[in-house]
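The values are calculated or read from the model by the stated rules, or taken from the named source; none is laboratory data. All values reported here derive from a predicted model rather than from experimental measurement. Cβ atoms come from the backbone with ideal geometry, glycine included; neighbour counts cover every protein chain shown. Surface areas here come from the heavy atoms of the whole protein model, side chains and all, with no ligands, DNA or RNA. Shrake-Rupley method; radii C 1.70, N 1.55, O 1.52, S 1.80 Å.
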Amino acid sequence: MRIVRYQQKDEAPQYGWLLDDKIGEIDGDIFGRYRRRDASLPRAEVKLLAPSQPSKIVCVGRNYVDHAKELGNEVPKVPLLFLKPPSSIISSGESIVLPPQSAQVEHEAELVVVVGKRGRHITTEEAKNYIFGYTVGNDVTARDLQKTDGQWTRAKGFDTFCSFGPWIDTDFDPSDAVVTCRVNGQMRQMASTRDMVFSVATLVAYISSVMTLEPGDLIFTGTPAGVGPLKPGDRVDVEIDGLGAISNPVKAE
Ligand code: ZN
């Protein structure tokens with residue numbers, strides 16, 4: 001099932017499910033008890049919003065060997081974690097805003113896990129029971145500030161630096177899916193999720209050994225090789241085969 005969050009005219013945002021090009025309302029808690037209404041609302045009549053409202057966005061650095069190498073880094077022995085603030089979220093279609101503090105903002109195409117159940121000390125075997133579904137993400141990064149700051153909070157945390165969507169797919173198989181990123185139609189990144197150093201289950205277990213995961217939380221699973229700069233006027237498209245695609249224009253602040 002594909003879960004969307006959407007807004008109709010001036011009404012309050014709400015969750016729904018997508019069937020072909022029609023949306024049906026969902027009554028209740030998507031992570032708990034809910035009821036699906038018939039899918040009858042044309043998708044073109046609503047604005048799709050980022051499909052989750054996470055309490056935190058946990059990200060994994062250098063989880064593809066070729067990407068670690070392209071930036072001159074070693075592959076970590078354990079997952080390298082960092083956070084993005086929820087204030088950085090935008091939906092597909094909204095603009096990535098290049099801040100004046102950076103001269104090198106880059107795209108990072110990523111598979112994103114959406115947590116479905118509260119959990120701590122989750123084992124790799126139990127991990128799938130805590131995963132609600134998957135979505136497509138762009139972990140936008142000010143590469144120059146990432147290098148100069150050492151800590152990554154500023155480089156990864158600007159408003160508009162976290163695009164994901166357009167829906168959550170609850171049935172997606174993440175084991176061998178092709179992730180691509182195009183800028184103005186030109187291919188920049190392409191790799192399979194099977195090349196990830198640490199699997200989704202390993203990441204869920206490792207992160208939950210540190211912090212409690214909450215329903216709606218996101219895990220950005222790392223980006224493959226091919227990251228590159230964005231400039232005003234660009235359009236960046238991230239796609240995962242069988243899952244979906246997001247598209248964001250780029251503009252200067
Ligand atoms: Zn990333």
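Quick notes on this one:
- Residue check for S175: open to solvent by less than 30 Å² (accessible area, probe 1.4 Å) and of a type in the set (S, T, Y): no
- Output for region 12-31, where each listed residue is part of a loop (DSSP other than H, G, I, E, B) and either out of contact with any Pro (no Cβ under 7 Å at 6 or more places or on another chain) or small (G, A, S) (or both): A12, P13, D20, D29, I30
- Comparison of K47, K9, K77 shows that the only residue that is in contact (Cβ under 8 Å) with a residue 12 or more places away in the chain, open to solvent by 30 Å² or more (accessible area, probe 1.4 Å) and charged (D, E, K, R) is K47.
- Region 92-145 - residue that is within 20 Å of L218 (Cα to Cα), touching a strand residue (DSSP E or B) at 6+ places or on another chain (Cβ under 6 Å) and assigned to a loop (DSSP other than H, G, I, E, B) and, of those, farthest from the ligand (Cβ to nearest atom): G116
- Positions within region 72-91 being of a type outside the set (S, T, Y) and assigned to a loop (DSSP other than H, G, I, E, B), in sequence order: G72, N73, E74, V75, P76, K77, V78, P79, P85
- Whichever residue in region 146-176 is part of a strand (DSSP E or B) and away from the ligand (no atom under 16 Å from the Cβ) and, among such residues, is farthest from I246 (Cα to Cα): D169
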